[in-house]
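Colleague: This is the structure I want to talk about, given as structure tokens.
The values are calculated or read from the model by the stated rules, or taken from the named source; none is laboratory data. Owing to the predicted nature of the structure, the values given are computational and were not obtained by experimental measurement. Here Cβ is always computed from backbone atoms with ideal geometry, including for glycine, and neighbour counts include all displayed protein chains. All accessible areas refer to the heavy atoms of the entire protein, side chains included, with ligands and DNA or RNA removed. Shrake-Rupley method; radii C 1.70, N 1.55, O 1.52, S 1.80 Å.
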Amino acid sequence: MPVSFVLASFPARGWVPLVSRISQINEELRKTPGFVEGRVFGTGNLKPPIGGAPVFRRWSLFVALETHEAVKEFEQSRTVERFTDRADEVWRAALSPTRVGRGNWRGWRPELDEVPHDDAEPVLSMTYSHLRPQHAPAFLWNNKRVVDEQRDDDGLIAQLGIADDLSATSTLSVWRSQADLVDFAYRRSPAHKAVIKPSLNKWQTDNFSVRFRMTDSSGTWDGRDPAVAARLAAEELQRLRSATS
């Protein structure tokens, strides 16, 4: 069950007309041929002192569809054209789910790609949850510690916060390899290991996590295509390991 992800960045105030059309775009998405689930997502910068802040110049579409053909048709649709109108940078990625860690997103729990995700293969990871307001201070403080550790991790290619409503605390990140993602989350990052249980059991609800294979991409995100950057980084790592073995 593939996904189309579209990330659009706008010039100053270029995003304002989009905000007035979000409800309309969400309604149009539901009429898309092959539509399963999808929404407009706002985005956030994960680097500020509190570990996250909204970025009004950048918005995204996350749309699950029935077939890869439906993804291709959707990416050329009038809905995507209207969504990216006035954008000065757009990144599109076709995604194939390879692993669900837990939960579902708005009732959607994808069927997985038949080909297993190789540990050396680049991966896009999405986490989704809603924050319990009374635990916001603890979450934000600990999230900052995780983000600080991620900043220096060689395996992280790109990341941003995403939210389809005001209480969503979710992330989307691209990694050089699945091994890098797993090693950071469960071995290299003391801060991340420390927040797993309280995040799942106390601070947040509606927890959902999924990994994707990036099957196609185009355009740029902050001046480069992170899917291409991840692939090149993975190939370079394999070359170095082969040279020293």
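Colleague: With θ taken as phi - 60° and the coefficients 6.51, -1.76 and 1.60, list the Karplus ³J(HN,Hα) couplings across region 67-75 in order, rounded to whole Hz; mark glycine and proline as x.
Modeller: 9, 5, 5, 5, 4, 4, 5, 4, 5
Colleague: Next question, about the same structure. Looking at [x] 15; [y] 24; [z] 18, which value of percent of Cα pairs over 33 Å apart comes from a calculation on the structure shown?
Modeller: Identified label for the calculated read-out: [x].
Colleague: For the chain, give the magnitude of the charge dipole about the Cα centre (Cβ charges: +1 Lys/Arg, -1 Asp/Glu; no others), in debye to the nearest 20.
Modeller: Values: 33 positive and 32 negative charges, 183 e Å.
Charge dipole of the chain: 880 debye, to the nearest 20.
Colleague: Note down the accessible area of Asp152, probe 1.4 Å, to the nearest 10 Å².
Modeller: Approximately 130 Å² of Asp152 is accessible to the 1.4 Å probe.
Colleague: Separate question: Using each residue's phi in region 52-59, evaluate 6.51 cos²θ - 1.76 cosθ + 1.60 at θ = phi - 60° and report the 3J(HN,Hα) Karplus result to the nearest Hz, with x for Gly and Pro.
Modeller: These are the phi-based 3J(HN,Hα) values: x, 7, x, 10, 6, 7, 10, 9 Hz.
Colleague: Residue-wise, which Karplus ³J(HN,Hα) couplings in Hz belong to region 100-113, taking 6.51 cos²θ - 1.76 cosθ + 1.60, θ = phi - 60°, and x for glycine or proline?
Modeller: Those phi angles translate into 9, x, 6, x, 8, 10, 6, x, 8, 10, x, 6, 8, 4 Hz.
Colleague: Quote to one decimal, in nm, the extra length available between Val100 and Glu235 on full extension: 0.36 nm per residue of separation minus the C-alpha distance between them.
Modeller: Additional length available on full extension: 46.0 nm.
Colleague: Here's a follow-up. Taking the solvent-accessible surface of protein heavy atoms with a 1.4 Å probe, what is the per residue accessible area of region 87-245 in Å²? Walk me through the numbers before you get to the answer.
Modeller: Numbers: 7930 Å² over 159 residues.
I get 50 Å² per residue for region 87-245.
Colleague: Here is a follow-up. By how many nm would the segment from Glu114 to Lys72 grow when fully extended, if each residue of separation counts as 0.36 nm and the alpha-carbon distance is taken off? Working shown, then result.
Modeller: On the way: separation 42, 0.36 × 42 = 15.12 nm, distance 1.99 nm.
In short, 13.1 nm is gained.
Colleague: Okay, which of region 150-172 sit inside 17 Å, backbone N to the point 7 Å along the Cα-Cβ direction of Val228?
Modeller: Correct set: 157-158.
Colleague: Along the charge dipole of the chain, which of Pro116, Phe56, Asn143 sits closest to the positive end, that is, farthest toward it, with unit charges on the beta carbon of Lys, Arg, Asp and Glu (+1, +1, -1, -1)?
Modeller: Farthest towards the positive end: Asn143.
Colleague: With the contact rule set at Cα under 8 Å and sequence spacing of 6 or more, what percent relative contact order holds for the chain? Present the calculation step by step, with values, prior to reporting the outcome.
Modeller: Working: 485 pairs, mean separation 62.5, N = 245.
Taking the mean separation of contacting Cα pairs over the length of the chain, I get 26 percent.
Colleague: Would you mind checking the pairs Lys144/Lys202; Lys72/Lys144; Lys31/Lys202 and listing those with alpha carbons more than 26 angstrom apart?
Modeller: Correct reply: Lys72/Lys144; Lys31/Lys202.
Colleague: If the chain between Arg151 and Tyr186 were fully stretched, how many nm would it gain, using 0.36 nm times the residue separation less the Cα-Cα distance?
Modeller: Numbers: separation 35, 0.36 × 35 = 12.60 nm, distance 1.64 nm.
Stretched fully, the Arg151-Tyr186 segment lengthens by 11.0 nm.
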